[in-house]
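Worksheet: one structure, shown below.
The values are calculated or read from the model by the stated rules, or taken from the named source; none is laboratory data. As the structure is a prediction and not an experimental result, all values here were calculated from the model. Here the Cβ is made from the backbone with ideal geometry for all residues, glycine too, and neighbour counts use every protein chain on show. Areas reflect the complete protein model, heavy atoms only, side chains present, ligands, DNA and RNA absent. Shrake-Rupley method; radii C 1.70, N 1.55, O 1.52, S 1.80 Å.
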Amino acid sequence: MKQDFKPLLANVEHVHQTIGKKWVSLIIHVLNEGPKRFSELNAIIPDLSKRVLNERLKELEECGLLNREVIPERPVRTEYSLTAKGQELGEALSYVEAWALKWL
């Protein structure tokens, strides 16, 4: 019996398109350590422009990998954290990071 791999290939391709964008895996890595504000992310990843950081955060939120929480204080704060889905992806990416440290 021949197995249909088209659905699997489509899902795998979608994942690669998402995490293959520049800065995405690093953002997930940083957020895997805990919630961060925009300014904290920008300070931790200084080569990442604010415009691109904003774009990537929106994309990750749309994919269901990221939570954006507005904290009504003075001044208003916005924190970003990984969803359960994002945390699982972060765990999977940690194996890639370990491989990179070992082999590259």
The helices (runs of 4 or more DSSP H) lying wholly within the range 1-71 that contain at least 2 residues that are closer than 14 Å to G90 by Cβ and open to solvent by less than 70 Å² (accessible area, probe 1.4 Å) are 6-19, 24-31
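Being out of contact with any Ser or Thr (no Cβ under 8 Å at 6 or more places or on another chain) and within 18 Å of T83 (Cα to Cα): is that true of R37 here? Outline the logic, then answer.
Working: out of contact with any Ser or Thr (no Cβ under 8 Å at 6 or more places or on another chain): no; within 18 Å of T83 (Cα to Cα): yes.
Against the criterion (out of contact with any Ser or Thr (no Cβ under 8 Å at 6 or more places or on another chain) and within 18 Å of T83 (Cα to Cα)), R37 does not qualify.
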The lone condition S81 fails out of (1) outside any helix (DSSP H, G or I); (2) modelled with pLDDT under 95 is (2)
